[in-house]
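This report refers to the structure that appears directly beneath it.
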Amino acid sequence: MSGKPVNENSKNEQLEQYRTDDTGKHLTTNQGVKVSEDEFSLKAGVRGPTLMEDFHFREKMTHFDHERIPERVVHARGFAAHGEFQVYESMKEYTKAKFLQDPAVKTPVFVRFSTVVGSRGSAETVRDARGFATKFYTEEGNYDLVGNNIPVFFIQDAIKFPDLVHSIKPEPHNEMPQASAAHDTFWDFVANNQETAHMVMWAMSDRAIPRSLRMMEGFGVHAFRFVNEEGKARFVKFTWKPLLGTHSLVWDEAQKIAGKDPDFHRRDLWEAIENGDYPEYELGVQIIEEEDEFNFDFDILDATKLWPEEEIPLKIIGKMTLNRNVGNVFAETEQVAFHPGHVVPGIDFSNDPLLQGRLFSYTDTQLIRLGGPNFHELPINRPVCPFHNNQRDGYSRQTINTSQVAYHRNSLANNTPAPASPAQGGYQHYQEKVEGRKVRARSDSFKDHFSQAALFWNSMSEPEKKHIIEAFSFELGKVMNESVRQQVVDMFANVNVELAAAFAQNIGAVPPTSGGSGVTKSSPALSQENKVKKPET
Ligand code: HEM
């Protein structure tokens, strides 16, 4: 692999080296031996037993027996496409990331869209969040923006992610339901983990049944950091805006389509790209100065809160165009390995406790999903810039590492880390000052669960409110346990009392008589005068 400049074709040219096509060729075994026949196994007599020495049969069957890999533990059902990204103007003031400097540079990208809950074969138009994961193949290495189409998340701390997912996946005793939120365990989790309120409001809204993957926003959700050449850092959140606008199905359509065409979203994306009708998304950033960290009435590190665009404007900085379908879904869409920890110089993390836990989880799961530590060598995952280090060996290693020296420091090979200077480009973590006691706790600044959920409800039009009430009624109507239903009604009275009363009536629960201001004893809403305070360490 060369160190030549990256352009929009770099990834395609790299993948080209791996493409194979068997058209018009004689069949062989994997050892290259031509086979004379591929229909009958080798037998002792035409009606006798199959012989163990039939290497052709054994190889063909063994390979088939091992063709499946585990599906992703979440986001199993996905569809992807290739494209390119171009920044509109240099972002030099904010970040030294090279792919965000020059409007003339087109960076190759690979995007995988997904549903979260359903298994690999599930229908695509179900009510669910959608994954929106983008891999930028930059000249400084791979940068992954692993987002969703909803700007907030259900929980605040990564340690609760296994609990959330256990509650939302099919129930263990009967494996139902297979692809929706309509069951007892999910709603029990919601009622007993009330930081879920805001995202549940989005999930019950029309955002959770997108019309098309081409008409869907994407959100990085967490606060990240931009760091410029001078070492100055600022908090940043990322948003994708589809040029076709954001559009949804209505529930009745979504259900009918799920039955008639479970592949509805992938078909729409595939056909648009085949027809040259390329999906486009603009990238926006919201930036907060480090010194303004505590100047808001929510904690900017809390993933259950969005940053209101009225307060922190969205600056549109570039455009992504998806212009090429994959050649092989398994090799590309399934084997791709995204990771929020894949960053390049100029992009860094914040202390959002959800993000911090994600930084562990993705490689860990991919080690088993993709069979060992060498999945970065798979064609779809390889950076387009050169990569080398002292790693070697392991399951399915593709390279022949001939160096005598595979350790650092050494005097025998001149292989050293790159200095962190802009010219040399070595990644240096932002030197944030950190101090505190080791505690298992949630900051007080994370305790307001209902204010933004109430703002979301209040921002809805009448038809949108009606859809949300219908969604709660449908989903909770499927919950068998009366106490769980009632707990959810009581919880959402804290968001809006009319909302809770309306769906309570539809599901035969007791309507709430009070609440609804977005303020509860356990969740005091913070006013502008009562801003989030820097916690004691
Ligand atoms: C996929 C963990 C939160 C977006 C995954 C996978 C895991 C995981 C284990 C499967 C990865 C694979 O097999 O390759 C977690 C944990 C979270 C979390 C532990 C919280 C602590 C989030 C959030 C977002 C998100 C907040 C959105 C901002 C995605 C997407 C995928 C994914 C888009 C699918 C990537 C693909 O298409 O391959 N997550 N996740 N996750 N996650 Fe998360």
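The values are calculated or read from the model by the stated rules, or taken from the named source; none is laboratory data. Because the structure is predicted, anything quoted here is derived from the model rather than measured. Using ideal geometry, Cβ is built from the backbone for each residue, glycine included, and neighbour counts are taken over all protein chains shown.
Check residue 142 against each of (1) more than 16 Å from the ligand (Cβ to nearest atom); (2) surrounded by fewer than 23 Cβ atoms within 10 Å (Cβ to Cβ) and name the one condition it does not meet.
Only one criterion is unmet by residue 142, namely (1).
Only one residue in 395, 362, 427, 407 is under 18 Å from residue 227 (Cβ atoms) and of a type in the set (Ser, Thr, Tyr). Which one?
Details: 395 fails: under 18 Å from residue 227 (Cβ atoms); 362 fails: under 18 Å from residue 227 (Cβ atoms); 407 fails: under 18 Å from residue 227 (Cβ atoms).
Checking each option against the conditions leaves just 427.
Tally time: how many residues in the stretch 97-134 are assigned to a loop (DSSP other than H, G, I, E, B) and within 24 Å of residue 5 (Cβ to Cβ)? Let's see the steps before the verdict.
Step one: of the stretch 97-134, the residues assigned to a loop (DSSP other than H, G, I, E, B) are 97, 101-106, 116-129.
Imposing the further condition that a residue be within 24 Å of residue 5 (Cβ to Cβ) reduces the set to 97, 101-106.
Residues flagged as assigned to a loop (DSSP other than H, G, I, E, B) and within 24 Å of residue 5 (Cβ to Cβ) within the stretch 97-134 amount to 7.
Among what's in the stretch 45-80 and is among the aliphatic types (A, V, I, L, M) and not in a loop (DSSP other than H, G, I, E, B), pick the residue that is nearest to the ligand (Cβ to nearest atom). Steps first, please.
Step one: filter the stretch 45-80 for residues among the aliphatic types (A, V, I, L, M), giving 46, 51-52, 61, 69, 73-74, 76, 80.
Of the ones still in play, those that are also not in a loop (DSSP other than H, G, I, E, B) are 61, 80.
Values: 61: 28, 80: 7 Å.
Of everything passing the filter in the stretch 45-80, 80 is nearest to the ligand (Cβ to nearest atom).
Would you mind stating whether residue 170 is at negative phi and either more than 16 Å from the ligand (Cβ to nearest atom) or of a type in the set (Lys, Arg) (or both)?
yes
Cβ contacts < 6 Å: first residue touching a residue at least 12 places away in the same chain (Cβ under 8 Å) and outside any strand (DSSP E or B), restricted to the stretch 218-243; second residue of a type in the set (A, V, I, L, M) and surrounded by 23 or more Cβ atoms within 10 Å (Cβ to Cβ), any location; separation 6+ or different chain. Result?
These pairs meet every condition: 220/145; 221/303; 222/303.
Looking only at the stretch 278-333, count how many residues are in a strand (DSSP E or B) and of a type in the set (Phe, Trp, Tyr). Quick ask: steps written out before the conclusion?
Filtering the stretch 278-333 down to residues in a strand (DSSP E or B) leaves 280-289, 315-325.
Adding the requirement that they be of a type in the set (Phe, Trp, Tyr) leaves 281.
Of the residues in that region, 1 qualify.
Look at residue 41 and say whether it is farther than 26 Å from residue 331 by Cβ, surrounded by 10 or more Cβ atoms within 10 Å (Cβ to Cβ), hydroxyl-bearing (Ser, Thr, Tyr) and without any contact (Cβ under 8 Å) to a residue 24 or more places away in the chain.
Against the criterion (farther than 26 Å from residue 331 by Cβ, surrounded by 10 or more Cβ atoms within 10 Å (Cβ to Cβ), hydroxyl-bearing (Ser, Thr, Tyr) and without any contact (Cβ under 8 Å) to a residue 24 or more places away in the chain), residue 41 qualifies.
Kindly establish whether residue 369 is in contact (Cβ under 8 Å) with a residue 40 or more places away in the chain, within 16 Å of the ligand (Cβ to nearest atom) and either farther than 26 Å from residue 139 by Cβ or not small (Gly, Ala, Ser) (or both). Steps first, please.
Details: in contact (Cβ under 8 Å) with a residue 40 or more places away in the chain: yes; within 16 Å of the ligand (Cβ to nearest atom): yes; either farther than 26 Å from residue 139 by Cβ or not small (Gly, Ala, Ser) (or both): yes.
When the stated conditions are applied, residue 369 passes them.
Name the single residue, out of those in the stretch 491-505 being touching a residue at least 40 places away in the same chain (Cβ under 8 Å) and either in a helix (DSSP H, G or I) or out of contact with any Ser or Thr (no Cβ under 8 Å at 6 or more places or on another chain) (or both), that is nearest to residue 452 (Cα to Cα). It would help to see each step written out before you state the result.
Quick first cut of the stretch 491-505, residues touching a residue at least 40 places away in the same chain (Cβ under 8 Å) only: 491-492, 494-496, 499.
From what is left, the residues that are either in a helix (DSSP H, G or I) or out of contact with any Ser or Thr (no Cβ under 8 Å at 6 or more places or on another chain) (or both) are 491-492, 495-496, 499.
Details: 491: 14, 492: 13, 495: 9, 496: 11, 499: 15 Å.
Within the stretch 491-505, the match that is nearest to residue 452 (Cα to Cα) is 495.
Go through (1) more than 16 Å from the ligand (Cβ to nearest atom); (2) among the aromatic types (Phe, Trp, Tyr); (3) not in a loop (DSSP other than H, G, I, E, B) for residue 94 and report which single condition fails.
Failing condition for residue 94: (3).
Tell me yes or no: at least one residue of the stretch 97-107 is hydrophobic (A, V, I, L, M, F, W, C) and touching a Ser or Thr at 6+ places or on another chain (Cβ under 7 Å). So that I can check it myself, show each step before the final result.
Going through the stretch 97-107, the residues hydrophobic (A, V, I, L, M, F, W, C) turn out to be 97, 99-100, 104-105.
Now restrict to residues that are touching a Ser or Thr at 6+ places or on another chain (Cβ under 7 Å): 99.
Yes, the stretch 97-107 contains a residue that is hydrophobic (A, V, I, L, M, F, W, C) and touching a Ser or Thr at 6+ places or on another chain (Cβ under 7 Å).
Going through the stretch 209-223 one residue at a time, which ones are buried (at least 22 other Cβ atoms within 10 Å of the Cβ), hydrophobic (A, V, I, L, M, F, W, C) and within 16 Å of the ligand (Cβ to nearest atom)?
213, 216, 221, 223
Run down 356, 391 and say which single residue is in a loop (DSSP other than H, G, I, E, B) and more than 19 Å from residue 14 (Cβ to Cβ). Full working, then the answer.
Working: 356 fails: in a loop (DSSP other than H, G, I, E, B).
Just one listed residue meets the conditions, 391.
For the stretch 13-29, give me each residue that is outside any loop (DSSP other than H, G, I, E, B) and either touching a Lys or Arg at 6+ places or on another chain (Cβ under 7 Å) or modelled with pLDDT under 95 (or both). Break it down into steps so the answer makes sense when it comes.
Our first condition is that a residue be outside any loop (DSSP other than H, G, I, E, B); within the stretch 13-29, this holds for 13-16, 28.
Selection gives 14, 28.
Any residue in the stretch 456-479 that is within 25 Å of residue 308 (Cβ to Cβ) and touching a residue at least 12 places away in the same chain (Cβ under 8 Å) sitting within a Cβ distance under 8 Å of a residue that is surrounded by fewer than 20 Cβ atoms within 10 Å (Cβ to Cβ) and of a type in the set (Lys, Arg)? List the pairs, counting only those 6 or more apart or interchain.
457/465
List every residue pair whose Cβ atoms lie under 7 Å apart, where the two residues are 6 or more positions apart in sequence or sit on different chains, the first residue falls within the stretch 140-169 and is closer than 19 Å to residue 350 by Cα, and the second residue, located anywhere, is small (Gly, Ala, Ser) and part of a loop (DSSP other than H, G, I, E, B).
That search, which allows pairs on different chains as well, returns 145/220; 147/220; 148/129; 152/303; 153/303; 156/303.
Residue 467: surrounded by 14 or more Cβ atoms within 10 Å (Cβ to Cβ), of a type outside the set (A, V, I, L, M, F, W, C) and farther than 29 Å from residue 157 by Cα, yes or no?
The answer is yes for residue 467.
How about the stretch 388-415: which of its residues are closer than 21 Å to residue 4 by Cα and out of contact with any helix residue (DSSP H, G or I) (no Cβ under 8 Å at 6 or more places or on another chain)? Let's see the steps before the verdict.
Initial filter on the stretch 388-415 (closer than 21 Å to residue 4 by Cα): 388-389, 399, 415.
Answer for the stretch 388-415, where residues must be closer than 21 Å to residue 4 by Cα and out of contact with any helix residue (DSSP H, G or I) (no Cβ under 8 Å at 6 or more places or on another chain): 388, 389, 415.
So for the stretch 334-352 (the condition being in a helix (DSSP H, G or I), within 12 Å of the ligand (Cβ to nearest atom) and either under 14 Å from the mean Cα position of the chain (by Cα) or of a type in the set (A, V, I, L, M, F, W, C) (or both)), does at least one residue qualify?
Initial filter on the stretch 334-352 (in a helix (DSSP H, G or I)): 334.
So of that shortlist, the ones also within 12 Å of the ligand (Cβ to nearest atom) come out as 334.
If we keep only those that are either under 14 Å from the mean Cα position of the chain (by Cα) or of a type in the set (A, V, I, L, M, F, W, C) (or both) as well, we get 334.
Looking through the stretch 334-352, at least one residue is in a helix (DSSP H, G or I), within 12 Å of the ligand (Cβ to nearest atom) and either under 14 Å from the mean Cα position of the chain (by Cα) or of a type in the set (A, V, I, L, M, F, W, C) (or both).
Look through the stretch 97-132, keep the residues that are within 16 Å of the ligand (Cβ to nearest atom) and among the polar types (S, T, N, Q), and return whichever of them is surrounded by the most Cβ atoms within 10 Å (Cβ to Cβ).
115
Taking the stretch 85-96, which residues are out of contact with any helix residue (DSSP H, G or I) (no Cβ under 9 Å at 6 or more places or on another chain) and buried (at least 20 other Cβ atoms within 10 Å of the Cβ)? Quick ask: steps written out before the conclusion?
Step one: of the stretch 85-96, the residues out of contact with any helix residue (DSSP H, G or I) (no Cβ under 9 Å at 6 or more places or on another chain) are 86, 88-89, 93, 95-96.
Within the stretch 85-96, 95, 96 qualify.
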